[in-house]
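Worksheet: one structure, shown below.
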Amino acid sequence: MTADGRPDSLGSFKAFAIAEGILLIVLGILALIFPVIASFWTTGVIAVLFLIGGVVGWISNLARSGRMGRWVCFWRLVVSTLFIVAGGSMISNFRDPVEAAEQVAAFALAIGIVFLVEGVVAFFSGLASSNRPGAGWAIANGVITFILGLLIVTLKFWGLLWVLGTLVGISFLFSGIELIAFSSVIHDDQDPPALA
């Protein structure tokens, strides 16, 4: 890379990172203002991703079936089929507002259960390695995640409808802030970070 090209490349990187950060902040704020709408959108996107993942899984497994064992290929195709069925079912349920709301609530409840389990695992993992530096953070993470999961699973139906949107809003908001903060500390004498 030439010295002349570096500032332009760095300037483009910083501009895109700041623009992406601003977009994420705006989307995060909108999701926090309208959490129920964001929950429905999130569930819809996940349904489409399940469907696409299932189709791609089928194609990939069939293409690699000669190099895999018969049972491995069979079970991978079963999992891919479940993804297709789940995604298709979720998409078809979006035609009826009541079924869509039930689906969003069920998905939020599942996330609450995952948080409960994750919190317990993180807490006991932190306790098991309590003599290592940073174990206190693992224990605190476990307690906070468990409490968050407990709050979610004890919500009534209408409360569950805003859970996904709120979580997505918080995630987008902090991701946007992090991107802007990250891009602001890059100096003109540095190369843009390599994309993984």
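The values are calculated or read from the model by the stated rules, or taken from the named source; none is laboratory data. In this text, all values refer to a predicted model and were calculated from it rather than measured experimentally. Glycine gets a Cβ as well: all are built from the backbone with ideal geometry, and neighbour counts include every protein chain shown. When the accessible area is computed, the model is the full protein with side chains, heavy atoms only, and any ligands, DNA or RNA have been set aside. Shrake-Rupley method; radii C 1.70, N 1.55, O 1.52, S 1.80 Å.
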Checklist entry - Just one of Phe83, Phe146, Phe157, Phe124 is among the aromatic types (Phe, Trp, Tyr), surrounded by fewer than 19 Cβ atoms within 10 Å (Cβ to Cβ) and more than 17 Å from Ser39 (Cβ to Cβ); which is it? => result Phe124
Item to check | Of all residues making up segment 51-79, the number that are of a type outside the set (Val, Ile, Thr), in contact with a Ser or Thr (Cβ under 9 Å, 6 or more places away or on another chain) and within 30 Å of Leu109 (Cβ to Cβ) | outcome: 6
Checklist entry - If we keep just the residues of segment 127-143 that are within 19 Å of Leu167 (Cα to Cα) and open to solvent by 60 Å² or more (accessible area, probe 1.4 Å), which is modelled with the highest pLDDT? => result Val143
Next on the checklist: Give me the residue from segment 90-99 that is touching a residue at least 40 places away in the same chain (Cβ under 8 Å) and surrounded by fewer than 18 Cβ atoms within 10 Å (Cβ to Cβ) and, out of that set, nearest to Lys156 (Cα to Cα).
Outcome noted: Phe94
Checklist outcome for this item: Note: among Phe16, Phe74, just one is without any contact (Cβ under 8 Å) to a residue 12 or more places away in the chain, closer than 26 Å to Ile186 by Cα and either open to solvent by 80 Å² or more (accessible area, probe 1.4 Å) or among the β-branched types (Val, Ile, Thr) (or both), namely Phe16
Next on the checklist: Condition (residue is over 30 Å from Leu10 (Cβ atoms) and part of a loop (DSSP other than H, G, I, E, B)) applied to segment 109-125: is it met by at least one residue?
Outcome noted: no
Checklist entry - Can you name the condition, by its number, that Glu118 falls short on among (1) in contact (Cβ under 8 Å) with a residue 12 or more places away in the chain; (2) within 22 Å of Val36 (Cα to Cα); (3) open to solvent by 70 Å² or more (accessible area, probe 1.4 Å)? => result (2)
Checklist entry - Is there a residue in segment 53-67 that is within 22 Å of Leu167 (Cβ to Cβ) and assigned to a helix (DSSP H, G or I)? => result yes
Item to check | Where Ile152 falls short, out of the listed (1) surrounded by fewer than 19 Cβ atoms within 10 Å (Cβ to Cβ); (2) assigned to a helix (DSSP H, G or I) | outcome: (1)
Next on the checklist: When you check Ala105 against the structure, is it in contact (Cβ under 8 Å) with a residue 40 or more places away in the chain, closer than 30 Å to Ser184 by Cα and surrounded by 18 or more Cβ atoms within 10 Å (Cβ to Cβ), yes or no?
Outcome noted: no
